[in-house]
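A.B. asks: Have a look at this one.
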Amino acid sequence: MSQPRGQRLLVVRNDKLGDFMLAWPALACLKQAHPDNRVSVLVPSYTAGLARACPWVDEVLVDPGDAATRREQRALLAGLRERRFDALLTLFSTPRIGWLGWRAGIALRLAPATKWAQVFYNRRIVQRRSRSARPEYRYNLELAETLLAQLGQPIPALEPPYWPLPSATRAEQRRRLARECGLDVRRRWGFVHGGSGGSAVNLTPARYAELVAAIDARLDTPPEWVLTSGPGEHAAAAALCDEIAARGVAAQVMPPRDDLVDFAHGLSAADLLIAGSTGPLHIAGCLDVPTAGFYPAKRSATPLRWQTCNRDIHRLAFSPPAHEHATDMSRIDIEAAAQAIAGWWPTSTEPPMPATGSR
């Protein structure tokens, strides 16, 4: 019996940073299924740099978006036709992308069965993501595994980290940050990302400061605290640093990084990242950095649905009571969260190399 050949695959996840990071397990699944698979991704310009850094991606195509000019739309369509993809996998289904794949002549087009966008796909999987019964990255993996089954390829067995950086990269990032901020490399480093990226429901700066002080007080050896920030958030991180200092705890603000990939590499230096349900939390998850995430309790945004894809032992999550106050982050018991984090914080964060194989 002949073995299946490698395939030219196009994967689309053209929305936010956190959503894209939760696609990395699916990308790893597709890339490792066959040595000759060629995985291309269609992403917005904002995540294109990270896509180029992804070890499971061979080619990055930039999606000009819904507001693209006709010239840009024609250029994208021509590029897809030229590449003669064997299959299209859309992780978040939209009519525009479905129509684009159909017009590009891609023979196998697979997506979640979502509203009327599904008419453009000839393979559809009913997932009912709105029920939030599973993590987002598990939904993505289900789609990738279904595609592999359609192509007659084996499904590889995968384990975190889904972004397996060389250990030398973490060591260099720690040396760099130690030089910049005068940090003690013998201590554990706790990173806090207080920004929300403009969309996530999050703790207030005062609550983050309260949390840091409460964790610090519970540890025999206080860690080094580092505050990270995204574009336009540096001033807010500096203000949070002042709030933490007012509680008697020293913290440093990570200097601005050159780009998103440089920022992501910087997160690999952390022994723990505390954040809301934002892109940096999911970057850390892909790196298998221990994470403590703060989520609302509403069904579309629960800790289960937006679970990070690091190992189970590297993950904690907190949210308010799941009732009428589901989005009121002030309902989270900060003292209880601090106690849980201080008692759980792993002493070793060196990630294993990801396992590969077939199941």
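A.B. asks: Starting from residues that are open to solvent by less than 30 Å² (accessible area, probe 1.4 Å) and assigned to a strand (DSSP E or B), keep the ones in the range 28-53 and report whichever is nearest to Glu159 (Cα to Cα).
C.D. replies: Among those that are open to solvent by less than 30 Å² (accessible area, probe 1.4 Å) and assigned to a strand (DSSP E or B), it is Val39.
A.B. asks: When you scan the range 184-263 for strands (runs of 3 or more DSSP E) that lie fully inside it, which ones turn up with 2 or more residues that are among the β-branched types (Val, Ile, Thr)?
C.D. replies: Of the strands (runs of 3 or more DSSP E) lying wholly inside the range 184-263, those with at least 2 residues that are among the β-branched types (Val, Ile, Thr) span 224-228.
A.B. asks: Another question, then. Determine whether Leu316 is farther than 24 Å from Ala168 by Cβ, part of a helix (DSSP H, G or I) and touching a helix residue (DSSP H, G or I) at 6+ places or on another chain (Cβ under 8 Å).
C.D. replies: No: the conditions fail for Leu316.
A.B. asks: Of the conditions (1) surrounded by fewer than 18 Cβ atoms within 10 Å (Cβ to Cβ); (2) closer than 13 Å to Phe92 by Cα, Phe20 satisfies every one except a single condition; which number is it?
C.D. replies: Phe20 satisfies all of (1) surrounded by fewer than 18 Cβ atoms within 10 Å (Cβ to Cβ); (2) closer than 13 Å to Phe92 by Cα except (1).
A.B. asks: Is there a residue being open to solvent by 10 Å² or more (accessible area, probe 1.4 Å) and either over 19 Å from Val201 (Cβ atoms) or free of Cβ contacts under 8 Å to residues at least 40 places away in the same chain (or both) anywhere in the range 274-285?
C.D. replies: no
A.B. asks: Could you grab the pairs with beta carbons closer than 7 Å, sequence gap of 6+ or different chains, first residue in the range 120-134 and touching a residue at least 40 places away in the same chain (Cβ under 8 Å) and within 25 Å of Thr302 (Cα to Cα), second one open to solvent by less than 30 Å² (accessible area, probe 1.4 Å) and part of a loop (DSSP other than H, G, I, E, B)?
C.D. replies: Listed pairs, sorted by first residue: Ser132/Thr302; Ser132/Arg305.
A.B. asks: Give me the pairs, please: first residue somewhere in the range 161-177 and among the charged types (D, E, K, R), second residue anywhere and open to solvent by 40 Å² or more (accessible area, probe 1.4 Å), beta-carbon distance under 6 Å, and either six or more positions apart or on two chains.
C.D. replies: Listed by first residue and then by second, the contacts come to Arg174/Val185.
A.B. asks: Can you name the residue in the range 236-273 that is within 15 Å of Arg170 (Cα to Cα) and surrounded by fewer than 17 Cβ atoms within 10 Å (Cβ to Cβ) and, of all such residues, is nearest to the chain's Cα centre (by Cα)?
C.D. replies: Per the stated criteria, the residue is Val261.
A.B. asks: Any residue in the range 256-274 that is polar (S, T, N, Q), over 25 Å from Cys54 (Cα atoms) and modelled with pLDDT of 95 or more?
C.D. replies: No - not one qualifying residue is present in the range 256-274.
A.B. asks: For Ala209, are the conditions met, namely being more than 22 Å from Glu136 (Cβ to Cβ), surrounded by 23 or more Cβ atoms within 10 Å (Cβ to Cβ) and of a type in the set (A, V, I, L, M, F, W, C)?
C.D. replies: Against the criterion (more than 22 Å from Glu136 (Cβ to Cβ), surrounded by 23 or more Cβ atoms within 10 Å (Cβ to Cβ) and of a type in the set (A, V, I, L, M, F, W, C)), Ala209 qualifies.
A.B. asks: Collect the residues in the range 329-350 that are open to solvent by less than 50 Å² (accessible area, probe 1.4 Å) and under 17 Å from Pro296 (Cβ atoms), keeping them in residue-number order.
C.D. replies: Those that are open to solvent by less than 50 Å² (accessible area, probe 1.4 Å) and under 17 Å from Pro296 (Cβ atoms): Met329, Ile332, Ile334, Ala337.
A.B. asks: A further question follows. Looking only at the range 198-239, how many residues end up being farther than 23 Å from Asp333 by Cα and without any contact (Cβ under 8 Å) to a residue 24 or more places away in the chain?
C.D. replies: 6
A.B. asks: Determine whether Leu10 is touching a Ser or Thr at 6+ places or on another chain (Cβ under 7 Å) and either of a type in the set (Ser, Thr, Tyr) or outside any helix (DSSP H, G or I) (or both).
C.D. replies: Yes; evaluated as a whole, the condition is true for this residue.
A.B. asks: Any idea how many residues of the range 289-328 are of a type in the set (Val, Ile, Thr), surrounded by fewer than 21 Cβ atoms within 10 Å (Cβ to Cβ) and within 19 Å of the chain's Cα centre (by Cα)?
C.D. replies: Total meeting the criteria: 2.
A.B. asks: Go through the range 1-30 and give me each residue that's in contact with a strand residue (DSSP E or B) (Cβ under 9 Å, 6 or more places away or on another chain) and over 19 Å from Glu136 (Cα atoms).
C.D. replies: Listed by number, the residues that qualify are Gly6, Gln7, Arg8, Leu9, Leu10.
A.B. asks: On the given criteria, is Arg170 modelled with pLDDT of 95 or more, buried (at least 18 other Cβ atoms within 10 Å of the Cβ), in a helix (DSSP H, G or I) and basic (Lys, Arg)?
C.D. replies: The answer is yes for Arg170.
A.B. asks: If the Cβ limit is 6 Å and pairs must be 6+ apart or interchain, which residue in the range 50-73 that is free of Cβ contacts under 8 Å to residues at least 24 places away in the same chain pairs with which residue that is acidic (Asp, Glu) and open to solvent by 80 Å² or more (accessible area, probe 1.4 Å)?
C.D. replies: Sorted first by the residue in the range 50-73, then by its partner, the pairs are Pro64/Glu72.
The values are calculated or read from the model by the stated rules, or taken from the named source; none is laboratory data. Values in this document were obtained by computation on a predicted structure and should not be read as measured data. Backbone-built Cβ (ideal geometry, glycine too); neighbour counts: all protein chains shown. The accessibility values were calculated without ligands, DNA or RNA, using every heavy atom of the protein model including side chains. Shrake-Rupley method; radii C 1.70, N 1.55, O 1.52, S 1.80 Å.
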